Amino acid sequence: MDYFIELFCSGLSRGAIYALIALGYTMVYGIIGLINFAHGEIYMIGAFTSFIVATVLSILGFPLLAIVALSGVAAAVWASAYGYTIEKIAYKPLRHAPRLSPLISAIGMSIFLQNYVLLAQTSDFLPFPELIPDFEFMEPIAHIVGSSDIVIFITTAVVMAVLTYVIKFTRIGKAMRATAQDRTMAMLVGINVNNIISATFIIGSALAAIGGLLIASHIGQINFYIGFLAGIKAFTAAVLGGIGSIPGAVLGSFILGLTESFATGYVSSDYEDVFAFSLLVLILLFKPSGLLGKAETQKV
Amino acid sequence: MFSLKTLRTGVLISLWFVFLTFPLMVIKVDPLERIIQWRWKNALLVGIGTFLIYLVVQYLNYRKEHQPPAKVEDTKDQVSFIHKFIADPIQRKLLFGGLLVIAAIFPFVVSTYQTNIMITALMYVVLGLGLNIVVGMAGLLDLGFVAFYAVGAYSYALLNHHFGLGFWEVLPIGGGLAAIAGILLGFPVLRLRGDYLAIVTLGFGEIIRLVLENWSEFSKGPSGISNISRPGFLGMELSLEGSILYMYYIMIAFMIFTIFVVNRLQDSRLGRAWIALREDEIACQAMGIDKQKTKLAAFSLGAFWAGLMGVIFAAKTTFINPASFTFLESAIILSIVVLGGMGSIVGVIIGALVLILLPEYLRALSEYRMLAFGAILVAMMIFRPQGMIATVRRTYRFQKK
């Protein structure tokens, strides 16, 4: 039973991180109908930035709390800056191009960013500083639930709550929902659609960066290639829940996280990634609109 | 030409990029030795580089805007030089004959090493032409193309290893198996819209690679399969140089065959159905084209070429392992098609030669190869979506009386 709970908890924290990344996919898809292939790379850049800032600060002798706060902020700021810039360079000029064009451009961006980090930094795996200490009050259940699992879970919950508030109750959230529903109509009622799209990229990138920071300190190492796999998995989660739907992305992420956790725990850890991909193929076969997504009807 | 305002924007953009690349380009930390390295020179380089790129883009935009508008009658002028050149039958025969002679004497003029590189380049030409059927003509973005390549390579490696089958026997089998894999994958996923299809094919490619890596009893895992026999010439064993030469001519023959087939396909009923499907699915179905069948045909034909090339790849290197079949390989082939011009046969050939040969000869730049490929994909989509050499659309001109 302990083993089951352990797998369940690690599945939840996995799912929480996928959710942070998947939200970026789903929000961007909801607004401009583009699969932002470079999103996994944003997450990787977020992890790298927080790694660099945290290591520099720890060498300079800052206290742990300051390191966590500053590296988190730095990751979010720079990842958002990248997200914003990528949208302006690679997607904005192609807004009225055929469907395939922005997709190819996104793939190019993803390859570019991966190799940019590879060349600017290193191809080695880097040890990520341990930002989340083992809490004392967790001692009795530490063999089942790690402290970092709890931190990941709580952080994600807070972030989700804030995001829900922003989307449901603020002006910009309302404008986002309007743009997602009908871009032309949103323009007609005076919404600056370009700003809204930029804002979506910024929010999505910041979420991915927080996910990057959490997972890097959880796993303990990073590499320029982590974004590729995480990106595909988060995309799988987004599709599972129904791409374009925010609650769907969260639901899908938890299902994916739990599936992976149980599959690797009970079946085999060699095929960890195969499970995610197979799940993706299966969903697209049987329910392409996802669990909570709306089925798209084609109008002629 | 450059107003003060554009220059100021340029400076601001440069500063933005310096800020953007600051943590990754300037700081480098060694967490074990606890050393921080500040590389301020990189910040300067990024700033200047961005500014120059900005100026070039502004200049290009300026030229585009101030170009005299093209006259409507001169549609022929938009056709690229090469297409115009080969439109004339005598010139075409001369060009092809000349190229054939050059190709035939090429291995005798240059070293074996160069010939080997040329074989690789020719393989990418054929792979590019194969992917061109799927992406260029049918408009299905296939990101797992390398999976079919792997199917071909592993079918030769395994059949050769276990049953001692030769190159020529496995060649059609490898192609066939890849085509079947294409149909098996295509059957369920082709219902999906373009972008979903891209991700599923990407996932499929990764599944194949991961299975090859982990299913050691079947594929010998990451250590791969070695000692695959090279193709024999009429039952004779060839020396290393001899077999490279032989391989080269096989590839030349293959390329000519592929070009011939693809060219005929393009003008066939099927090829026109692909292009129609790419342009407008609904209109196409209304005209009575079976969407499912047409797409499947594109998918399996593309996979077939990849499978053939896989067999040749295994025979050429005599050693394969899953590391040769990563997503990057698919990305390289896609770059070839996009750079050359989607749907354009001449473009894909030139694209493959440029993208494969250039990094080989500019060794200093080969580190930046993948970086450049990424940048090429983005830049081509923004500035020249039709590729280096745009495909010629079948046009009919209205005759004035």
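The values are calculated or read from the model by the stated rules, or taken from the named source; none is laboratory data. Source: prediction; values computed, not measured. So basically every Cβ, Gly included, is an ideal-geometry build from the backbone, and we count neighbours across all protein chains shown. These area figures cover heavy atoms from the full protein model, side chains too; ligands, DNA and RNA do not enter into them. Shrake-Rupley method; radii C 1.70, N 1.55, O 1.52, S 1.80 Å.
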Where does chain B land at 222 nm, in deg cm²/dmol rounded to the nearest 500, when only DSSP H runs of n ≥ 4 count, each adding -39500 (n - 2.57), divided by all residues? -23500 deg cm²/dmol
Per-residue mean of C-beta atoms belonging to partner chains within 10 Å, peptide A:112-122: 6
Which residues' amide hydrogens lie under 5 Å from the amide hydrogen of A:Ile222, considering only partners 5 or more residues apart or on another chain, with H built in the peptide plane? A:Leu126, A:Phe128
Specify the longest stretch of chain A that does not include any exposed loop site, a site being one of the GluC sites (Glu not before Pro) with a non-H, G, I, E, B DSSP assignment and at most 10 other Cβ atoms within 10 Å. A:137-295
Chain B - percent of accessible surface contributed by carbon and sulfur, probe 1.4 Å: 66
Selection from A:Ser123, A:Tyr91, A:Ala66, by position along the positive dipole direction of region A:35-160 (Cβ): A:Tyr91
Which residue, chosen from A:Ser10, A:Thr236, A:Val267, occupies the Cα position most advanced towards the positive end of the dipole of chain A, where the dipole is computed from +1 (Lys, Arg) and -1 (Asp, Glu) charges on Cβ about the Cα centre? A:Thr236
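Could you report the buried accessible area between B and A, both sides summed, computed with a 1.4 Å probe and given in Å² to the nearest 100?
Working: alone 23250 and 15140 Å², together 32860 Å².
Separately minus together, B and A give about 5500 Å² buried.
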If you count, for each residue, the other Cβ atoms within 10 Å and average over each peptide, how do B:146-159, B:362-375 line up from highest to lowest? B:146-159, B:362-375
From the Cα gyration tensor of the protein assembly as shown, with a ≥ b ≥ c the square roots of its eigenvalues, which class applies: rounded if a/c is under 1.5, or else prolate if a/b is larger than b/c, or else oblate? prolate
Ordered by residue, what ³J(HN,Hα) values in Hz, to whole numbers, does region B:136-143 give under the Karplus form 6.51 cos²θ - 1.76 cosθ + 1.60, where θ = phi - 60° and Gly and Pro are x? x, 7, 8, x, 9, 6, 9, 9
The ³J(HN,Hα) series, computed from each phi in region B:17-34 with the Karplus coefficients 6.51, -1.76 and 1.60 at θ = phi - 60°, rounded to the nearest Hz and given as x for glycine or proline, is 5, 4, 4, 4, 8, 3, x, 7, 8, 8, 8, 9, 10, 10, x, 7, 7, 6
Residue-averaged 222 nm ellipticity for chain A, from DSSP H runs of 4+ at -39500 (n - 2.57), nearest 500: -24000 deg cm²/dmol
Å² per residue, accessible surface of region B:110-383 at 1.4 Å: 37
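Beyond a 23 Å Cα-Cα separation, which of these cross-linked pairs lie in this structure: A:Lys294/B:Lys293; B:Lys84/B:Lys293; B:Lys295/B:Lys316; A:Lys294/B:Lys295; A:Lys287/B:Lys291? Write out the running numbers ahead of the final one.
On the way: A:Lys294/B:Lys293 28 Å; B:Lys84/B:Lys293 34 Å; B:Lys295/B:Lys316 32 Å; A:Lys294/B:Lys295 26 Å; A:Lys287/B:Lys291 20 Å.
Going by Cα-Cα distance, A:Lys294/B:Lys293; B:Lys84/B:Lys293; B:Lys295/B:Lys316; A:Lys294/B:Lys295 fall outside the 23 Å limit.
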Give the distance, in whole Å, between the Cα centre of region A:55-108 and the Cα centre of region B:324-395. 26
Pull up all non-local amide H partners of B:Ile27: gap of 5 or more, or a different chain, and H-to-H distance under 5 Å with H placed in the peptide plane. B:Arg39
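When only Cα pairs under 8 Å and 6 or more residues apart are kept, what is the percent relative contact order across chain B?
About 24 percent, as a whole number.
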Just need the relative contact order of region B:4-66 here, percent rounded to a whole number, with Cα pairs under 8 Å and 6+ apart. 35
